[in-house]
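The values are calculated or read from the model by the stated rules, or taken from the named source; none is laboratory data. Just so it is clear, the structure is predicted and the values come from calculations on it, not from any experiment. Here the Cβ is made from the backbone with ideal geometry for all residues, glycine too, and neighbour counts use every protein chain on show.
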Amino acid sequence: MKNHLNTNKQFMVGNGILAFAVLFIVVIFIYMSFQLQRKRIGDHHFLGSYTIELVSGFTGDSISIFINDSLIKNKQIIKEPYTIKIDRFAEESALFIVNRKNNEVYTFDLSEKGGNYKFEKDSDGIKQLAK
């Protein structure tokens, strides 16, 4: 009796095993990358802080102060200067000052390193003072 080698069948079984091994390795690497990304996002702390000072023209006004989409203060300014200190919580930030009396919104860019910002209000609106 002749011993026939079924090379085509052996080739297909070998390729199937290799394909499953490759898929298994790809799944492991995707899982590891998601775990590493989750750890990186959770442990991220931002250095620096913002000091926002409302210097003049705000007395008696109801003001809302936002950084990005977070409400920081929502109150009536009784005395000036009014100072707020906020730690950074995002890579890029924008400051929104809303005058609730007439719903005017003023937008200012904030530095990625933090810093001190002074604002005054006059007849033209709210303006940032030079540092």
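Considering only segment 111-126, how many residues are modelled with pLDDT of 90 or more and either loosely packed, with under 14 Cβ neighbours inside 10 Å or within 24 Å of the chain's Cα centre (by Cα) (or both)? Result for segment 111-126: 3. Considering only segment 11-61, state which residues are small (G, A, S) and modelled with pLDDT of 90 or more. Within segment 11-61, G14, G16, A19, A21 qualify. Here D87 does not fit the description of being within 30 Å of E112 (Cβ to Cβ), at pLDDT 85 or above and exposed (fewer than 10 other Cβ atoms within 10 Å of the Cβ). Restricting attention to segment 105-131, the residues being of a type outside the set (D, E, K, R) and over 21 Å from L47 (Cβ atoms) number 10. Among the residues examined, A21 qualifies as among the small types (G, A, S) and over 21 Å from A130 (Cα atoms).
Considering each of F89, F66, F34 in turn, give the residue that is under 25 Å from the mean Cα position of the chain (by Cα), of a type in the set (F, W, Y) and assigned to a strand (DSSP E or B). Give the derivation first.
Details: F89 fails: assigned to a strand (DSSP E or B); F34 fails: assigned to a strand (DSSP E or B).
One residue alone meets the criteria, F66.
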